[in-house]
Amino acid sequence: MSRSHHQPPHRRPVRRLASRLLTGSVLAGFLAFFVLPVLWLVLAATKTDQQLVHDNPLSFGSFHALKANWDALTAFQDNAVMQWLGNSALYAVISLVITLGVAIPAGYALAMTEFRGRHTLLVATLVVMLMPNATLVVPLFLEINAVHLIGTMWSIILPYSFYPFGVYLTYIYFTTAVPKDLLAAARMDGCSEFRVFWHIALPLATPVIALVGFFSFVANWTNYFLPYVMLPESSQMPIQVGVGSLLSNVPSFNPAVGTLAIERPQLALATLVAITPVLIVFLFAQRFLVSGMLAGATKE
């Protein structure tokens, strides 16, 4: 009699249960690692400093404490937090506009045209994209200093406007998701290369434009090290550098702060204020982000 290759029926529920337990354990681990710190941060902004230390970490404080923390935060250096938010918005929006104006045509050119040095330029884009941002700060500082832009907003905007990751994303999109026959047909009908790009390729590139725009905005908004080096004045700081300066004014971390002290719940509230714009942009752009990420998954 031949031996059956099918599993005994009583083993199937056991394997199914083990699979569910493993899946549940992984999800619980992600929940503990990612969600609980954010929940703690939100609840910390509703407490006094004493409540933050002595109460349950995941307990809610009060709306009165939340308002008091907000009033104390906005009173710091004559509402410097709002000024920092405005600076971040200005730097991020101008950089975003320049990024889209440079990265989308550059990615299209690398994907759809042949020219001398194309391969070298693509390799250079990949190399710069893979380099950590911190390694570029000193060379960028020397370049910006050579053109006397240190201490101006352009020392932040220009380096982040030329976004190699955006160029590479656009290159991948046009290579995989846009049929070259369609563009070739337009050229045969007498369209110039600019008209082919503007009237045919660009309308098809809405998903990748949203993707590049989102990643560029997040990179600019969360940029810390470069503005910390380039901008010496507090009035010029973006919100990320401002939150770093708030950290040095918390007595728990710096006992010598004196009268400009910021308590830990106010620091938590400042952190929430700093990340809220990115969250809002993500919620409004998520439909375009998903379509952009999936657009190049298959090749026609």
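The values are calculated or read from the model by the stated rules, or taken from the named source; none is laboratory data. All values derive from a computational prediction rather than experimental measurement. Please note: Cβ atoms are built from the backbone with ideal geometry, for glycine as well, and neighbour counts cover all protein chains shown. Note: areas computed on protein heavy atoms with side chains; ligands, DNA, RNA excluded. Shrake-Rupley method; radii C 1.70, N 1.55, O 1.52, S 1.80 Å.
Quick look at the values:
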quantity	calculated
Among Val243, Leu36, Leu73 the positive-end extreme of the charge dipole of the chain (Cβ point charges)	Leu36
Backbone HN-Hα couplings from phi across the range 143-157 [Karplus 6.51/-1.76/1.60, Hz, Gly and Pro as x]	5, 5, 5, 5, 9, 6, 10, 4, x, 10, 5, 6, 5, 9, 6
Amide H contacts under 5 Å for Thr46, placed H, 5+ residues apart	Gly61
Test item: Cα-centred dipole of the chain, Lys/Arg +1 and Asp/Glu -1 on Cβ, debye	1600 debye
Virtual paramagnetic centre 7 Å along Cα→Cβ of Arg287, amide N under 14 Å, in the range 94-108	none
Karplus (6.51, -1.76, 1.60) ³J(HN,Hα), θ = phi - 60°, over the range 200-215, in Hz, Gly and Pro reported as x	10, 5, 5, x, 7, 9, 3, x, 6, 4, 5, 5, 5, x, 5, 5
Separation in nanometres of the label points that stand 7 Å from Cα toward Cβ, at Asn133 and Phe34	2.0 nm
The range 207-261 - percent of accessible surface contributed by carbon and sulfur, probe 1.4 Å	64 percent
Förster-model FRET efficiency, 22 Å R0, Leu126 and Leu204, C-beta, rounded to 0.05	0.35
Model label zone, Ala89; criterion: amide N under 12 Å from point 7 Å along Cα-to-beta-carbon; scope the range 34-57	none
Mean separation of Cα contacts under 8 Å (6+ apart) over length of the chain, as relative contact order %	26 percent
Loop-located chymotrypsin sites (Phe, Trp or Tyr not before Pro) in the range 183-267 whose Cβ has at most 13 other Cβ within 10 Å (DSSP)	Phe253
Span from the the range 25-43 Cα centroid across to the the range 109-177 one, whole angstrom	35 Å
